[in-house]
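Presented below is the structure to which this report refers.
The values are calculated or read from the model by the stated rules, or taken from the named source; none is laboratory data. Just so it is clear, the structure is predicted and the values come from calculations on it, not from any experiment. Note: ideal-geometry Cβ built from the backbone for every residue, glycine included; neighbour counts use all protein chains shown.
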């Protein structure tokens, strides 16, 4: 068994608690995890922001409420995703996410939307993580669709057995692990999504859907 996790992630002592941190645009380690609220459908936006932090495209302080953004690219990004579209109550398609990123942050990142499904999604996820890049993924079943940020995987030879994710709807990352959700590969088209939320573990059978890949320019 092997494991690959994005290198710009570590657990660090902050105020007496071991928290997940990454180097942001400043080059200093800052808290990474961003928690989705209970009344919004903005899981893709939270995943996007964590992705940009890991790529060192924004400062962690840029994510703070009521902050005055001095950088014009960052100002446009947060205006589009946090003001123009607000709570994303109906969620957001990755096709639309790509357009929004291109309209607000194209000077900083390029974005690719791939219409993947199950094993093809798994292959792209592995390629990105092997390239030390996080990737925004989507899962779905008959009840819901959800976006997360994949940051690592476990493998047995050539076969990926598990994807490790930052789930914006999951619990805060404390302790040792650098992820709060996993997707176990049960078969070629059946995956087991497990997320930790406030000490309660929830588990669903899901499909892997399309992905968004961000690359720093």
Given the options 173, 135, 129, name the one that is at pLDDT 95 or above, buried (at least 19 other Cβ atoms within 10 Å of the Cβ), within 21 Å of residue 46 (Cα to Cα) and out of contact with any helix residue (DSSP H, G or I) (no Cβ under 6 Å at 6 or more places or on another chain).
129
Residue 56, sole failed condition from (1) within 24 Å of residue 215 (Cβ to Cβ); (2) assigned to a helix (DSSP H, G or I):
(2)
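Rundown of residues vs (1) in a helix (DSSP H, G or I); (2) over 25 Å from residue 93 (Cα atoms), yes/no style:
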| residue | (1), (2) |
| --- | --- |
| 13 | no, yes |
| 27 | no, yes |
| 33 | no, no |
| 47 | yes, no |
| 67 | no, yes |
Can you find, within the range 115-126, the residue that is nearest to residue 35 (Cα to Cα) among those that are out of contact with any helix residue (DSSP H, G or I) (no Cβ under 6 Å at 6 or more places or on another chain) and in contact (Cβ under 8 Å) with a residue 40 or more places away in the chain?
125
Residue 166, sole failed condition from (1) within 22 Å of residue 14 (Cα to Cα); (2) at pLDDT 95 or above; (3) surrounded by fewer than 20 Cβ atoms within 10 Å (Cβ to Cβ)
(3)
Limited to the range 55-72, what total is found for residues that are crowded, with 16+ Cβ neighbours inside 10 Å and over 19 Å from residue 8 (Cβ atoms)?
1
Condition check for residue 121: buried (at least 20 other Cβ atoms within 10 Å of the Cβ) and either modelled with pLDDT under 95 or not in a strand (DSSP E or B) (or both):
yes
State yes or no: is residue 80 over 18 Å from the mean Cα position of the chain (by Cα), farther than 19 Å from residue 168 by Cα and part of a loop (DSSP other than H, G, I, E, B)?
no
Being crowded, with 19+ Cβ neighbours inside 10 Å and either over 16 Å from the mean Cα position of the chain (by Cα) or over 19 Å from residue 138 (Cβ atoms) (or both) narrows it down to one residue among 48, 14, 20, 52; which is it?
20
Quick one: residue 110 ticks every box in (1) in a strand (DSSP E or B); (2) surrounded by 14 or more Cβ atoms within 10 Å (Cβ to Cβ); (3) modelled with pLDDT of 95 or more bar one, so which box is it?
(2)
